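Below is one structure, written out as structure tokens; the observations come after it.
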Amino acid sequence: MAAAMELRCWGGDWGLPSVHTESLIVLAYAKFSGAKVTVSPIDWTWKTLTATVPELLCEDSAVQEPAQILNFLRKRRFNADYELSARQGADTMAYIALLEEKLLPALLHTFWVDAENYANLTRPWFASRSPFPLNFLVPSRHANTALSRILLTKGEAPLHRITEVEGKIYSDAKECLNLLSYRLGTANYFFGNFSPLQSHLRQLDNLTSFCDNILAVYFNSDHPCPPPPVQETMAANLQKLTQLVNKESNMIEKMDDNLRSSPQHKPHRSEPKPSLATSKHSLLDTLGKVYGSHQQQL
């Protein structure tokens, strides 16, 4: 039995399972690899200041940082890249490096450095999910960490101030997005195909609609399946009962026909035994006929 794994991370919002970029990386990989991970958001707890997220807890182990967590899952045989070729695996590492270099700085700037986004969106969200007085400390700490990381990776000479590197940050991000869009093309995934059977199923509209209807009617928590009306239930039960009776009747008739047509089971009727008077009468008739015939010959 696999050991239970718990993932501590920031909670979700805006249609995302987590608003924290690094937490999203681990959550997505856990889904792709089939790892059963219990997600424990740190929202509204004191861990918003003290915990380093994402953090994976398994037995006596506590693993931090996305790269370390992914390696830990691979060692536990949860490998989302198992079916990739060596070339595809190398390309995957190259694209991860590209995202960290080109796209991540723009995400950090958009969330934590851009004054309007930070004041109207990012800071209120994180402050509302941190207990007092951490609601004053947590957002500013994340903003300072993001700013330091951007300047460390992009603040090369002659660009030393954040206002000077903004243009470079978003230019690199657009270039990265264009490259990813070109690489993906019209495919569903960047590398390989997760399920050839699924691709074939998408071509069968009726089966796809059937599955969608089952999910919508029976597994939709917002619209639970209503119980069938009493009238329809009674009619259905009556129809089933009628079919059962007709089936039994047909079986009985078939068995009866087989018994009648079988030579080994012909109906046996006992002949009535002749009475003494009848025997005597038959004997006298026979003697009379024999005697009459003899007189005619004479």
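Using a Förster distance of 35 Å, how high is the FRET efficiency between Phe132 and Lys31, based on the Cβ-Cβ distance and rounded to 0.05?
E between Phe132 and Lys31, to the nearest 0.05, is 0.55.
Suppose every Lys and Arg Cβ carries +1 and every Asp and Glu Cβ carries -1, with no other charges. What dipole size does region 85-193 come out with about its Cα centre, to the nearest 20 debye?
About 240 debye.
Tell me, what is the 1.4 Å probe accessible area of Trp14, in Å² to the nearest 10?
Trp14 has an accessible surface of roughly 100 Å² with all protein chains in place.
If you average the alpha carbon positions of region 119-135 and of region 24-101, how far apart do those two centres end up, in angstrom?
26 Å
Region 85-193: percent of C-alpha pairs farther apart than 23 Å?
The proportion of pairs with Cα distances above 23 Å equals 44 percent.
Give me the net charge of Ile25's neighbourhood, meaning all other residues with Cβ under 15 Å from the Cβ of Ile25; Lys, Arg count +1, Asp, Glu -1. Working shown, then result.
On the way: positive: Arg8, Lys31, Arg74; negative: Glu22, Glu55, Glu65, Asp81, Glu100.
Taking every other residue near Ile25 into account, the sum is -2.
Viscosity 0.692 mPa s, temperature 37 °C: Stokes-Einstein D of region 29-156 from its Kirkwood Cα radius, in µm² per second?
Using the Kirkwood radius from Cα pairs, D works out to 193 µm²/s.
Label-point separation (nm) for Leu184 and Ala115, each offset 7 Å from Cα along Cα-to-Cβ?
The answer from the label model is 3.4 nm.
Taking all protein chains in place and a 1.4 Å probe, what share, in percent, of the accessible surface of region 1-82 do carbon and sulfur account for?
In region 1-82, the share of accessible area belonging to carbon and sulfur is 54 percent.
Specify, per residue and in Å³, the volume enclosed by the convex hull of the alpha carbon atoms belonging to region 1-82.
96 Å³
The values are calculated or read from the model by the stated rules, or taken from the named source; none is laboratory data. Quantities reported herein were computed from a predicted structural model and do not represent experimental measurements. Cβ: placed from backbone, ideal geometry, glycine included. Neighbour counts: every protein chain shown. Surface areas here come from the heavy atoms of the whole protein model, side chains and all, with no ligands, DNA or RNA. Shrake-Rupley method; radii C 1.70, N 1.55, O 1.52, S 1.80 Å.
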